[in-house]
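Structure, as structure tokens:
The values are calculated or read from the model by the stated rules, or taken from the named source; none is laboratory data. This is a predicted model, so every value here is computed, not measured. So basically every Cβ, Gly included, is an ideal-geometry build from the backbone, and we count neighbours across all protein chains shown. Please note that ligands, DNA and RNA were not included when accessible areas were found on the heavy atoms of the full protein model with its side chains. Shrake-Rupley method; radii C 1.70, N 1.55, O 1.52, S 1.80 Å.
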Amino acid sequence: MRHRILLAVVTVLAIVGLASPAAAITNGTYDGNNHPYIAYEDNLAFACTGTLLSPTVMLTAAHCFSDSTSGLGNNPTTGAPLVRVSFDPNLINTPAAQRTWYVGTYYFDPGFVIGAKGGLPHFDTHDVAVIIFGEAGCTTPVGSASTYVCGPVPASANMNQYGTLPALGLVDTLAMNTPIDNAGYGVQGFVNGGGPCDPNCKKSDGDSATRFYAPTTLVTSNDVISDEFIKMHSNKGGTCFGDSGGPNLLGGTNVVLGVNSFVANLVCTANTYSYRVDTAQALDWIHATVTAHGASL
């Protein structure tokens, strides 16, 4: 199962100056400042994408950092792991001394589990998490060339723009091929690796850590996972490793329908799946967690 259905998270390598990203296999283009509330996030071990919903709340996926040790440590007050985020759309090409990181505490739905049932049904259930900014216990690294900030995210970081949660059950009202906008910092394509090409050249990840955008469309269904996941085409623009937790926006809006959860093959060319955040379970958990940690939407 793990070879066929792959969580869309990517291991962090060194984020250093590389060549400018090429057009993605998922038909993406450089996003620039079109979605300034969508951020890169990592714990110095794994990288994902998230959506800022308010100065104190970022929406992301549970599988991103729930089973790894954060290189930034844990919040000494709550015990939850710390993560860092950047809103720089061209992060990979920004020198370390010019990067600004916002540090928050990561909380994931305790109902999250991989492989709750055999096969595809509910493979990645309860895959939702939030990052809380401005909570007591935030700490920053010492001696880094980059700037680290604790506290609510200032409007200057995201151009005072935010994503928003959907109405309850919104996905169920949408027609087949409804436009969806995807943006994230994940892998933008694949290149042939080294070594012999007999019988096949091995594909390896291409550029990432730059915010790319791609439109796609909804695949409506009434199958066994449609109550938890939305399914999207990838031929017009898809998601890939590192886009985990990033938003699927209702076309032309800032309304988040779901967070990127998993892809179906190693080169991200098949349909992609996202955990719905318009369900009662997801919305209730998000609101309760935000309130419990003194943040607001």
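Would you work out what percent of the accessible area of the stretch 37-146, with all protein chains in place, is carbon or sulfur (probe 1.4 Å)?
With neighbouring chains kept in place, the figure for the stretch 37-146 is 54 percent.
Please list 278-287, 51-60, 131-140 highest first by mean number of surrounding beta-carbon atoms within 10 Å per residue.
Ranking, from highest mean packing down: 51-60, 131-140, 278-287.
Please give the peptides 30-41, 91-102, 76-87 ranked by average Cβ packing (other Cβ atoms within 10 Å per residue), highest first, as a rough proxy for protection.
The densest-packed peptide leads the list: 30-41, 76-87, 91-102.
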